[in-house]
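Below: one structure, written as structure tokens.
No value in this document is a laboratory result; all are computed from the given coordinates. No experiment lies behind these values; they were computed from the predicted model shown. Positions of Cβ are generated from backbone atoms using ideal geometry, with glycine treated the same way; all protein chains shown enter the neighbour counts.
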Amino acid sequence: MLYLNTLLHKGYCGIKSSTPCKLASEYKEELNKYIKIDLNAIKYNYRAIAALAKNSECAPVVKSNAYGTGMIAATQALEEEGAKKFFVSSLDEAICLRENFPSIEILCLDWFSDKALKCMDRLRITPTINSFSQAKMLESYAKNVQKKISCIACIETGLYKFGISENDMAALAVDQSFKQSTSISLIFTHLAASYIDVEFNKFQIKKFDDICKKWPSAKKSVAASGGIYLGDEYLYDLVRPGRALYGVPRLDSAVPIKETTKNVASLYAKIMHIHHIKKGESVGYDRTFIADRDSRIAVVGIGYADGLPYSMSNCGLAFINGVRCKFAGLISMNASTIDVTDANCNKKDWIEFIGDNISLAEAAKAIKTTPWELLTNVGSRIQHLYT
Ligand SMILES: *Cc1c(COP(=O)(O)O)cnc(C)c1O
């Protein structure tokens, strides 16, 4: 089925509702740029990861608009594959998800205020406690509304981003007031360098296991995408894949792991115009590209306001009718220029930036960024077409 992610903002988090639209394939020709999202590839990746996870529950992370692929469409595809629990990173994402999916379990990783707790309680969104004071805030909220509130707990084991410290977890374990008012359904930690430093993984797991001893009835989770591939000892009760679901690879690794996910996102823009310029002429702002031969320069209507990284200026790759080309000159707000001298192309031809011919990994490497940064950036702004 083909969906069109209409650009109607719903007032929440810039995430657009994706409504089925039969006109989408014809509409493609009216667009000047789009990102194509292969929902079947997301489903394939989910099945592959769930198989690796064995008896561990596979709970997708759909934060940041599902890494740019579109949170609503991705969640729908993943729910169809049997996923029941979904992680998001902010309350606005959680609200948007609840509006579209009345029955899934939503786990919000963000820090909360008292007001946010009220909202989460009403919408059945599970909060995460990330610190001792957040735990106590949850406890007083539970006392106020006179019911036991369920939550999940993020444990700090070495990443030093979010998470409750070992000492604070020990204090909570003997805090009867906290334990009477709340129940921790899941305890998790996040690996700092899963593919880079396996010894450090072991250090984190040891610390995690020690802390968890005092919480026997809570489920446990360690692995994000990387951890799932590392082996059974990382699986625990639940795994939290994000990037691998969306076909986003790791570029570097100290361990011999081959992830076999399928690519999900492809990025295209249409040639609006072709300039014929003479050797010595310049292209774009600040004249950073000077032609060293007579050249043909294609103008496409996609720029940094569309999420294209500025670092693609003079570096980014493009694929046109069987030929690889490069960006020429600085990226503009809504336009870019590509040296197509070696390609046989015309106005209205489509240029690929990510897809079958230029992988997400390669596109990211060319501009020295990570595949997940590239995808979340472009996926946050451009019209999505779903296949
Ligand atoms: C983002 C995130 C994940 C997913 O990580 P990937 O490396 O993209 O699989 C898992 N757990 C937590 C807590 C996260 O913040």
### Order of I104, I196, I125 - criterion: other Cβ atoms within 10 Å of each residue's Cβ, fewest first
I196, I104, I125
### Query
Just the Cα atoms of region 277-386: what Rg and Dmax do they give in Å?
13.4, 43
### Query
Using helices alone, what [θ] at 222 nm do you get for the chain, with -39,500 (n - 2.57) per DSSP H run of 4 or more residues, divided over all residues and rounded to the nearest 500?
-8500 deg cm²/dmol
### Query
Rounded to two decimals, what ratio of Rg to Rh does the chain give with C-alpha atoms and a Kirkwood Rh?
1.04
### Query
If you line up the Cα atoms of region 39-246 on their principal axes, what length do they span on each, largest first, in Å?
47, 42, 26
### the chain: angle of helix 198-212 to the longest principal axis, Cα-based, in degrees nearest 10
30 degrees
### Query
When E93, E99 are ordered from fewest to most other Cβ atoms inside 10 Å of their Cβ, what list results?
E99, E93
### Query
Relative to the first principal axis of the alpha-carbon coordinates of the chain, what is the inclination of helix 132-145, with its axis defined by its Cα atoms, in degrees from 0 to 90 and to the nearest 10?
70 degrees
### Query
With a 10 Å Cβ neighbour count serving as the proxy for reagent exposure, in which order, fewest first, do S177, S90 appear?
S177, S90
